[in-house]
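Visitor: Handing you a structure now.
What follows is calculated from the coordinates using simple rules that are stated; it is not laboratory data. Everything numeric here is computed off the predicted structure, so don't read it as measured data. Glycine also receives a Cβ, built like all others from the backbone with ideal geometry; neighbour counts cover every protein chain displayed.
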């Protein structure tokens, strides 16, 4: 589970899990920009003000 900001309140959400494939069958976790922005009030304000 993860938490994001919604109207100034923290809400529980299912945290998205995304992996990038690597050579030789390996992979690594990728952080989604949208999820990071939903956790950072400043990034969220910037994203909203651009629209």
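Each row is one residue, and each column tells you yes or no for (1) touching a helix residue (DSSP H, G or I) at 6+ places or on another chain (Cβ under 7 Å); (2) surrounded by fewer than 10 Cβ atoms within 10 Å (Cβ to Cβ).
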position	(1), (2)
1	no, yes
19	no, no
26	no, yes
29	no, yes
34	no, no
37	yes, no
41	no, no
45	no, no
50	no, yes
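Visitor: Checking the structure you have, find out if any residue of segment 22-38 is on the phi > 0 side of the Ramachandran plot and assigned to a helix (DSSP H, G or I). Steps first, answer last, please.
Guide: First pass over segment 22-38, keeping only residues on the phi > 0 side of the Ramachandran plot: 24-25.
Cutting the leftovers down to assigned to a helix (DSSP H, G or I) gives us 24-25.
Yes, that holds for at least one residue.
Visitor: Further question: State all residues of segment 6-17 that are part of a strand (DSSP E or B) and loosely packed, with under 10 Cβ neighbours inside 10 Å; if no residue qualifies, say none.
Guide: Those that are part of a strand (DSSP E or B) and loosely packed, with under 10 Cβ neighbours inside 10 Å: 9, 12.
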